[in-house]
1. Would you list Y729, Y201 from fewest to most Cβ contacts within 10 Å?
2. Using a simple spin-label model with points 7 Å from Cα along the Cα→Cβ vector, what separation in nm is obtained for L546 and E445?
3. Once amide H atoms are placed 1.01 Å from N in the peptide plane, what residues at a sequence separation of 5 or more from I612, or on another chain, have their amide H within under 5 Å of its amide H?
4. Quick query: amide H of V275 versus all other amide H atoms, modeled in the peptide plane; which residues come in under 5 Å with a sequence gap of 5 or more or a different chain?
5. For the peptides 236-249, 530-543, what is the packing order when you average, over each peptide's residues, the other Cβ atoms within 10 Å and list the highest mean first?
6. As an exercise, use a Förster radius of 22 Å and the Cβ-Cβ distance of K631 and I264 to find the FRET efficiency, rounded to the nearest 0.05.
7. What whole-number distance in Å separates the alpha-carbon centres of region 408-440 and region 493-553?
8. Using 0.36 nm times the number of residues separating K645 and E718, minus their current alpha carbon distance, what extension gain do you get?
Amino acid sequence: MTEIKRDERVVSSAFRGLMRACELFMNEDERERVRKAFEFSRQAHSEMRRKTGEPYILHPIAVARVVVEEIGLKDTTAVVAALVHDVVEDTDYTVKDIQAMFGRTVAQITDGLTKISHGVHAMSTMQAETFRKMLLTMSSDIRVALIKIADRLHNMRTLKSMKPESRLKISAETSFLYAPLAHRLGLYNIKTELEDLALFYTEPETYQEIAKKVRATGPARGRYIQNFITPLKAMLESHGLPCEIFGRVKSISSIYQKMKKQGIPFEQVYDLFAVRVIVDVPEQQEYEACWKAYRLIDSLYQNHPNRMRDWLTRPRPNGYEALHTTVTGPGGRWVEVQIRSRRMDYNAEKGPAAHWRYKDNGATPADKKFEEWLGKIRSVLENKDIDAREFFMEVKNDLVTEHIHVFTPKGELKMLPPGATVLDLAYEIHTTIGHTAIGGKVNYEAVGLNHVLQNGDRVEIITSKAQKPDISWLDFVKTSKARERIKDATREQKKAFEEKGKKFFEESLRRYGVAPDDRVVDELLHFLDMDRAELYRRLGMHRIDLKRMSEFIKAKKAELAGESAARTLDFRVGRTFEGGASSDGENPLVFEGQDASFQMAACCSPIPGDDIMGFQDPKLGIVVHRSVCPKLRNLLAIDGKKAVKVKWNDKRQLTFLAGIKIEGYDRFGILINIVKVVTVRYKVNIRSITIDGVGGVFDGQLKVYVIDAAELEHLMEELRKIDGVVKVYRTEV
Ligand code: MN
């Protein structure tokens, strides 16, 4: 069979698959529209192939199928738009052509999608801008975001065929942006798959290791879950609750996040076991049935008091409803149980898209919450002055956090991010109320503007006509809305502080004999993680640790003068080397195909043996991070092109500073034991050791010089064996 024939067969079989998925909700006219879109897109992309070598049209077909089957968006316009989504981007056809053929709505959606991908290609330095555009188009038509997520999912599934550098960039962008967005839209399965795929490419070894352990423990886990479920199901049904119960395997990325967050090995992730109970009752009984199931589970297995989540009384902002609880199963192991009705389960699996088609016949609660969220984003976007990158970070924070609910004295419910203060609420109610707020009453008790609100608080705002917004308020507000309003109102004040701070800064530099445009200043800004304006502003407000700053400058100056040249090097802050494969074998890094100067990132302190990745900083040269470093992820997500491949030079003979955190029970002599293990058994040099004991528990921080990650790992293994030590993990230095 010729190649062309084979291609044709593959393409028409894929298209038939899509049509089968659409059959249930399309009439003959609609099917005809889809066929027309397919023929047009196939012809438009006929010259192109995907990186996998397949005909390009397979990609839009796959995206359309994800839209229908996995997102659950049963909408002809969305299918048509998905089929032509790359036409304007990749061929000579224009949005006008699309409009002439498929109408205005499809044209608008395609336009939105094209703008987004233009962003990704042409403006990779400003992916924040891309994100902003996406949210803008998304707030006028949600299908843009849903198709974009489907597009990204298919690209991630086929990422293997891309170059390694692009894989990293796309994966970083995915975990940074698209996975939280999918989560926010209630597409939990897609969110999980995106995160797993991103982890698979960014940290292949970690991924494989966890996957292996998940597989190895699979059969035992299956038996355990069965033992857990059988009595539970019998009990629920004997109380008149027909239900389906099944075990769920936690995703690899969520296991990894737990391990990282709590600094524990795989074996100690306690809620590896997860079970879902779906009660099969008529809709009008579903809430009652869920609570009844909860009480019955509680009577069978002991529950964990702090791990109950009630998303029934207050659904998540995206409409998610369920009860979550964690109980002790047989043998004392934690099991997470999710309780939902059939309808709730369907909505959770398909997300709010499941409702989309019926939106015109009355919005569901899920849709209303979602509209509120979009409205909020729209109001922030209307502020033209806002810096795109800053906006990106703020909206991103809105995306990933859960919310708390508080009440106004009139009994109105307001939604705020966790950590939000009285002042956030004031701005949430009205800008004028924010500007004139002087304090509040939380549950009838007087509090300050910076008082942090709790879920369920009743909050009254106290205002005064004499009050004016103050720039210091920025230190304690959490919502992007409050931030923006305060910034607008305090622009003059900010300028005055900045000028004052600038003068002060330049005077102090003169005292150190440093010019304001010196490299030392850039490194200082990097060290403080601020830009110049922020530094000036903080100085002007006397809100910076001057001692820390002057110590840094002195140390830097001395270092640049070439004073310290010990064989044992401290890589913590910005020591610069001339790179390339040097002959003396003292250079710890090798760069692929280039000579470059570099430094070790202060945020994650890589040591030999770690997986590393360089980032081309415009001012600092190549900064080398561990590939697990969250800061690197953010950098790559915003500007993936600056990734630089680096690897360790095996010939190096240096020692590196590493940090170890030790936690355990305080007992006499434990310090001696730790020191013994480190110095006598391991002959490793200690740079510093601090131990804090409170209430029978100790908390130690150790800084040691090691040769590589393997040595560090062995050392940590030994420390774990010490009697009384509970947790040992690596930290920053
Ligand atoms: Mn595409």
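Since every read-out is calculated from the coordinates, none of them should be taken as a lab result. Since the structure is predicted, the reported quantities are computational estimates derived from the model, not experimental observations. Cβ sites come from the backbone with ideal geometry, for glycine too, and all protein chains shown count toward neighbours.
1. Y729, Y201
2. 3.8
3. Placed amide hydrogens put S627 under 5 Å from I612.
4. Residues meeting the amide H criterion: R248, E336, V337, Q338.
5. Per-residue Cβ counts within 10 Å, averaged per peptide and sorted highest first, yield 530-543, 236-249.
6. Once rounded, the FRET efficiency stands at 0.50.
7. Centre-to-centre distance over Cα atoms comes out at 34 Å.
8. Separation in residues times 0.36 nm, less the Cα-Cα distance, equals 23.0 nm.
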